[in-house]
Amino acid sequence: MFSILQLKIMLKAELHTHINHDPEDTIPYSAQELIDCAAKKGFQVLGITCHNYVYHNPETDKYAKSKGILLLSGVERTIDGKHVLIYEITPTDAQQIKHFRDLSIWKQKHPQSLVIAPHPFHLTGTCLKNKILKYLDLFDAWEYSWFYVSFFNPNKKTTALAKRYHKSLTGSSDVHRLNCFGRTYTLIDAPQTKSSVFKAIRNGKVEVVTEPLPLGEFLRIMINVFLSKFRKTLRKNSRNS
């Protein structure tokens with residue numbers, strides 16, 4: 001008599017990405033190129049979350065499905081100056097959410113939605129920081145961000161607080177360049193449907209897969225981010241002068 005070991009098969013998911021429709025960043029690839037990258041790396045769930053813009057295209061959905069990928073339409077919305085990831089929201093509803101009280105009202109009307117706090121304790125001013133505690137019930141999960149090194153990891157605070165407050169953690173690479181895709185990601189214990197994926201995340205049936213960045217790469221990205229923000233400031237000041 002033989003026993004059979006059944007291995008649990010989980011969905012490989014990247015929930016936080018940007019494409020060339022993003023109005024606030026220069027992204028060098030299309031939705032189709034992002035999907036191709038995800039398929040090549042064996043992902044089954046992919047969220048597109050441009051800054052303050054909801055990208056949805058039925059043809060893109062079909063293309064993702066042909067590659068075996070469940071595509072989630074979302075947005076990285078700026079709310080009271082802070083970034084929040086919201087999934088399966090209409091463009092009209094997204095534009096109307098400007099304050100956290102707006103998000104609270106919308107979420108009450110859409111209890112099956114998914115809201116994630118991206119990179120909450122990282123350094124930029126758009127990170128939520130302790131607002132994730134002030135608005136604890138608004139977030140279904142908190143993000144474990146790819147951007148850290150072994151000796152500097154803001155995710156440690158996120159992880160400790162998530163344990164204390166019984167919050168799910170999802171891992172994401174906040175993809176702005178395809179070479180960053182899959183650095184940190186989420187494994188989801190669910191069937192490959194939107195409702196099942198959202199329910200699994202809310203219930204903590206997820207695992208984060210991650211490893212720290214090499215120091216040299218971390219510093220290079222930091223410098224590029226600083227230069228990008230500096231150029232944006234110069235362009236903004238030039239337009240206003």
**Message:** Based on this model, can you work out whether Asn155 counts as free of Cβ contacts under 8 Å to residues at least 60 places away in the same chain and under 21 Å from Ile86 (Cα atoms)?
**Reply:** yes
**Prompt:** Among the residues of the range 24-36, which ones are open to solvent by 20 Å² or more (accessible area, probe 1.4 Å) and modelled with pLDDT of 95 or more?
**Reply:** Pro28, Ser30, Gln32, Glu33, Asp36
**Prompt:** Phe43 fails exactly one of the following numbered conditions: (1) in a loop (DSSP other than H, G, I, E, B); (2) farther than 21 Å from Leu169 by Cα. What is the number of that condition?
**Reply:** (2)
**Item:** Those residues of the range 41-66 which are open to solvent by 20 Å² or more (accessible area, probe 1.4 Å), within 21 Å of Leu11 (Cβ to Cβ) and in contact with a Lys or Arg (Cβ under 9 Å, 6 or more places away or on another chain), in sequence order
**Value:** Lys41, Gly42, Gln44
**Hits in the range 32-55 - residues which are over 12 Å from Leu72 (Cα atoms) and small (Gly, Ala, Ser)** = Ala38, Ala39, Gly42
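Residue-wise test of (1) at pLDDT 95 or above; (2) closer than 22 Å to Lys131 by Cβ.
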| position | (1), (2) |
| --- | --- |
| Tyr144 | yes, yes |
| Asn155 | yes, yes |
| Ala162 | yes, yes |
| Leu169 | yes, yes |
| Leu178 | yes, no |
| Asp189 | yes, no |
| Ile201 | yes, yes |
| Pro212 | yes, no |
| Phe218 | no, no |
**Request:** Would you be able to tell me the number of residues in the range 7-23 that are assigned to a loop (DSSP other than H, G, I, E, B) and open to solvent by 20 Å² or more (accessible area, probe 1.4 Å)?
**Result:** 7
**Request:** Output the number of the condition that Asp102 fails; it satisfies all remaining conditions of (1) closer than 25 Å to Ala13 by Cβ; (2) among the acidic types (Asp, Glu); (3) out of contact with any strand residue (DSSP E or B) (no Cβ under 7 Å at 6 or more places or on another chain).
**Result:** (1)
**Request:** Please identify the pairs in which a residue from the range 45-63 that is in contact (Cβ under 8 Å) with a residue 60 or more places away in the chain has its Cβ atom under 6 Å from the Cβ atom of a residue that is in a helix (DSSP H, G or I) and surrounded by fewer than 19 Cβ atoms within 10 Å (Cβ to Cβ), counting only partners at least 6 apart or on another chain.
**Result:** none
**Prompt:** Just to be sure, is Arg202 of a type in the set (Lys, Arg) and either loosely packed, with under 13 Cβ neighbours inside 10 Å or more than 19 Å from the chain's Cα centre (by Cα) (or both)?
**Reply:** no
**Asked** Going through the range 208-221 one residue at a time, which ones are touching a Phe, Trp or Tyr at 6+ places or on another chain (Cβ under 9 Å), open to solvent by less than 80 Å² (accessible area, probe 1.4 Å) and not in a loop (DSSP other than H, G, I, E, B)?
**Response** Val208, Val209, Phe218, Ile221
**Item:** Residue count for the range 164-207, restricted to those that are among the aromatic types (Phe, Trp, Tyr) and part of a loop (DSSP other than H, G, I, E, B)
**Value:** 1
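The values are calculated or read from the model by the stated rules, or taken from the named source; none is laboratory data. From a predicted model like this one, the values you see are computed outputs, not experimental measurements. Glycine also receives a Cβ, built like all others from the backbone with ideal geometry; neighbour counts cover every protein chain displayed. Surface accessibility is based on the protein's heavy atoms, side chains included, excluding ligands, DNA and RNA. Shrake-Rupley method; radii C 1.70, N 1.55, O 1.52, S 1.80 Å.
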